[in-house]
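Asks: The structure that follows is given in the form of C-alpha cells.
The values are calculated or read from the model by the stated rules, or taken from the named source; none is laboratory data. Please read these numbers as outputs of a predicted model, since none were measured by experiment. Cβ atoms come from the backbone with ideal geometry, glycine included; neighbour counts cover every protein chain shown.
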Amino acid sequence: MVILAMSDTTKNQSRQGSVISSEMVIIGDVTFQGHLVVEGSIDGSLTGDHATLGVDGQLKGSVNVEKLECHGTLQGEITSSHLQLSNKAHVQGTITANELEMASGATLSGEIVVDRERNVREDSC
C-alpha cells in the first residue's frame with residue numbers, strides 16, 4: 001500500500017500536490033491526502049481527497065475520492081462526491097456520485113447512479 005500525504009508547509013508551497021509520473025506503475029492500493037495527480041498507471045484501489053487522472057494516466061481498480069477529474073482511462077468501481085469527465089476521458093465500470101459532469105467526447109460504459117440527496121462516500125465506507 002502506498003500512502004501519500006502533504007504537510008501544511010508543502011500544501012502552501014505547491015498547489016499541484018503529489019504526482020505519480022508517467023514513468024511510474026503502481027500495483028497495489030494508494031491512499032492519499034490533499035491533491036494527487038496520476039500521469040502513470042495504478043492497478044489497485046485509490047482512496048483520498050482530490051485526484052486528477054491525466055490524459056495518459058490509467059487506473060484499473062476501485063476509486064473512492066471526494067473529487068475526481070478524469071482525463072485518462074479508468075476501469076472499475078468509482079465512488080466520488082464530484083466526478084468530472086473531460087473530453088479525453090474513457091471510463092468503464094460502475095459510477096456512484098453526488099454530481100457528475102461529462103464533457104462532449106468523453107466515453108462512458110457501465111452503470112451510473114447520481115444521488116444528490118445522500119453522501120455517497122459515507123455509504124461506501
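Asks: Looking only at segment 33-51, which residues are out of contact with any Phe, Trp or Tyr (no Cβ under 7 Å at 6 or more places or on another chain) and crowded, with 22+ Cβ neighbours inside 10 Å?
Replies: LEU36, VAL38, ILE42, LEU46, ALA51
Asks: For VAL113, only one of the following conditions fails: (1) in contact with a Lys or Arg (Cβ under 6 Å, 6 or more places away or on another chain); (2) over 23 Å from SER18 (Cβ atoms). What is its number?
Replies: Single failed check for VAL113: (1).
Asks: In segment 52-85, which residue that is touching a residue at least 24 places away in the same chain (Cβ under 8 Å) and among the polar types (S, T, N, Q) is surrounded by the most Cβ atoms within 10 Å (Cβ to Cβ)?
Replies: Ranking the qualifying residues of segment 52-85, first place goes to SER80.
Asks: State whether the residues of segment 112-125 include one that is among the hydrophobic types (A, V, I, L, M, F, W, C), closer than 23 Å to GLY28 by Cβ and loosely packed, with under 15 Cβ neighbours inside 10 Å.
Replies: Yes, the conditions are met somewhere in segment 112-125.
Asks: Would you kindly identify the strands (runs of 3 or more DSSP E) lying entirely within segment 27-125 that contain at least 1 residues that are under 10 Å from the mean Cα position of the chain (by Cα)?
Replies: The strands (runs of 3 or more DSSP E) meeting that bar are 35-38, 46-53, 58-60, 63-70, 73-85.
Asks: Can you list residue pairs whose Cβ atoms sit under 8 Å apart, with the first residue in segment 15-39 being touching a residue at least 24 places away in the same chain (Cβ under 8 Å) and under 13 Å from GLY61 (Cβ atoms) and the second being of a type in the set (A, V, I, L, M, F, W, C) and assigned to a loop (DSSP other than H, G, I, E, B)? Count only pairs 6 or more apart in sequence or on different chains.
Replies: If the second residue must be of a type in the set (A, V, I, L, M, F, W, C) and assigned to a loop (DSSP other than H, G, I, E, B), the pairs left are GLY28/MET1; ASP29/MET1; VAL30/MET1; THR31/MET1.
Asks: Follow-up question, since we're still on this one. Does LEU74 satisfy the condition of being touching a Cys at 6+ places or on another chain (Cβ under 6 Å), modelled with pLDDT of 95 or more, closer than 25 Å to SER21 by Cα and of a type outside the set (Phe, Trp, Tyr)?
Replies: no
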